[in-house]
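Below: the structure, in structure tokens.
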Amino acid sequence: MPNSRTSPVNQQPPPNSFRQGPDARGRFGNFGGRFVAETLMPLILEVEAAYEASKTDQAFQDEWRRLLTHYVGRPSPLWFAERLTTHLRKDAAPGMGAKVYFKRDELNHTGAHKINAVLGQILLAKKMGKTRIIAETGAGQHGVATATACALMDLPCVVYMGATDVERQQPNVFRMKLLGAEVVPVTSGAATLKDAMNEGLRDWVANVRDTYYCIGTVAGPHPYPAMVRDFQSVIGIEAKAQMQEAEGRLPDVLVAAVGGGSNAMGLFYPFLDDADVAMVGVEAAGRGLDSGEHAAALSRGRPGVLHGNRTYLLQDGDGQITEAHSISAGLDYPGVGPEHSWLHELGRVTYSGVTDDEALAAFQLCSKLEGIIPALEPAHALAEVMKMAPKMPAEKIILMNLCGRGDKDIFTVAKHLGENI
Ligand SMILES: Cc1ncc(COP(=O)(O)O)c(C=O)c1O
């Protein structure tokens, strides 16, 4: 696997590269930046300086890599989903039905991609001399990953989580507690991810001296969107090499679910300058894109400012942020990382919407055909793959990020299926 010296993350991208952003002010075109309270600015600048220094700090990179290999279990495998591919070809025209591969980040320790960026950030926090870690979480996967890293590195950890999400992601709440974290339910707003992030930022303003805010996605003020993307790019860097080994070429299309957008950016970023590789980000269309009950910030939102950056957001006519809805707690966010907004406007990445029902169907199909119970978040990506693959010639290749496992979601799914567990 490529090391830190050769990875596209640490190389200077060529001019006109889609990997150029962000600029010195943390902007991806008109998106991103740092819209934060003055009290936070010194700390944000401190995080930026520490992050920049870490890129060429070989000891830091080696320690992060060591943890990824021996603690997380990277590289995660690339899996040819043969039964799914055959199934999708059944209803396709002759010669149609693309080959489907999964990048199996659900096999990571703690069950999702979140741990990749968490370990990088917690190492950074330690380097900065911070002694207390806070995080927000939606599906609980980022909270579990942060609580895990804090247990490993002996740091106190507070996780803010919307009360609605506490209810629907009980297994992860209990996991965080077992790991020694304090889970603080947030009851404001819709009591979901947006509200948890508000609380995280409030805590940080009040505790700037000793606290590091470990953000779970490619959102927040600069440098978080770029920093989380860079840590998550390990997914795409591995996938590129693995695909060359398996097929001798790059995939034709990448597909990933988009909540804040970190697993998608992690997969997409190393491929952004490969012009022949198309990319599809899948937002949660909830009860339908025209139902008003979804989390499709790019498909149905418009630019505004939230959580320290300018990006596409769901908002009403007065610019008030509206509540998102998704069956999947990890996608239930009214915004999206600023780099996605930029890639959307440039047309480099296409964004689509998948409904709760479509995701539920994909969740069940993947379990039965591949013996893999996916999280509801990547089940959205899979539902998109199920629509796309039959319309593509059989020699084409789709690579989907299976970014989380479904253990956390079995209660939600059982409820929707009318099962009592
Ligand atoms: C398994 C899984 N996938 C995806 C997401 C969405 O986050 P992101 O878009 O940052 O990858 C989450 C968030 O909790 C998650 O747990």
Roll a 1.4 Å probe over the protein heavy atoms and report the accessible area of residue 174 in Å², nearest 10.
-> 130
Relative contact order of segment 252-322, pairs being alpha-carbon contacts under 8 Å that are 6 or more residues apart, as % | 20
Under 19 Å Cα-Cα from residue 240, which aspartates and glutamates qualify once same-chain neighbours fewer than 8 residues away are excluded?
-> 105, 106, 230, 252, 273, 274, 276, 395
Carbon and sulfur: what percent of the chain's accessible surface (1.4 Å probe)?
-> 52
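Which value, in debye to the nearest 20, describes the size of the charge dipole of the chain about its Cα centre when Lys and Arg Cβ atoms bear +1, Asp and Glu Cβ atoms bear -1, and nothing else is charged?
In total the dipole reaches around 660 debye.
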How big is the shadow of the Cα convex hull of segment 184-224, averaged over all directions, in nm²?
-> 3.3
Straight distance only, please: which lysines reach the Cα of residue 391 with their own Cα at less than 17 Å, same-chain residues fewer than 8 apart left out?
-> 90, 99
Orphan Cys of the chain, criterion: no other Cys C-beta under 4.7 Å = 214, 366, 403
Reduced Cα scattering model of segment 265-378, Debye log10 I(q)/I(0), q = 0.11, 0.13, 0.20 Å⁻¹ | -0.39, -0.53, -1.09
Please give the direction-averaged projected area of the C-alpha convex hull for the chain, in square nanometres with one decimal.
-> 18.8
Over segment 332-421, average the accessible area per residue using a 1.4 Å probe and give it in Å², no decimals.
-> 36
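Take every Cα pair under 8 Å in segment 114-203 that's 6+ residues apart, average their separations, divide by the length, and report that relative contact order as a whole percent. Don't jump to the answer; show the numbers that get you there.
Numbers: 157 pairs, mean separation 27.0, N = 90.
Normalised by residue count, the contact order of segment 114-203 is 30 percent.
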What lysines could a cross-link reach from residue 126, if we take a straight Cα to Cα line under 20 Å and drop same-chain neighbours fewer than 8 places away?
-> 55, 114
For segment 263-374, size of Cβ-based charge dipole, Lys and Arg +1, Asp and Glu -1, in debye | 100
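Please report the net charge: other residues with Cβ closer than 13 Å to the Cβ of residue 45, K and R +1, D and E -1.
Values: positive: 25, 34; negative: 38, 46, 48, 52.
Neighbourhood net charge equals -2.
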Determine how large the accessible area of residue 18 is when every protein chain is in place; take a 1.4 Å probe and give Å² rounded to the nearest 10.
-> 70
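Order the following by accessible area, largest value first: 268, 35. Probe radius 1.4 Å; ligands, DNA and RNA are ignored.
Details: 268 0, 35 90 Å².
Of 268, 35, the descending order of accessible area is 35, 268.
The values are calculated or read from the model by the stated rules, or taken from the named source; none is laboratory data. Since this is a predicted model, take the numbers as computed values, not measurements. Ideal geometry is used to build each Cβ from the backbone, glycine not excepted, and the neighbour counts take in all protein chains shown. Areas reflect the complete protein model, heavy atoms only, side chains present, ligands, DNA and RNA absent. Shrake-Rupley method; radii C 1.70, N 1.55, O 1.52, S 1.80 Å.
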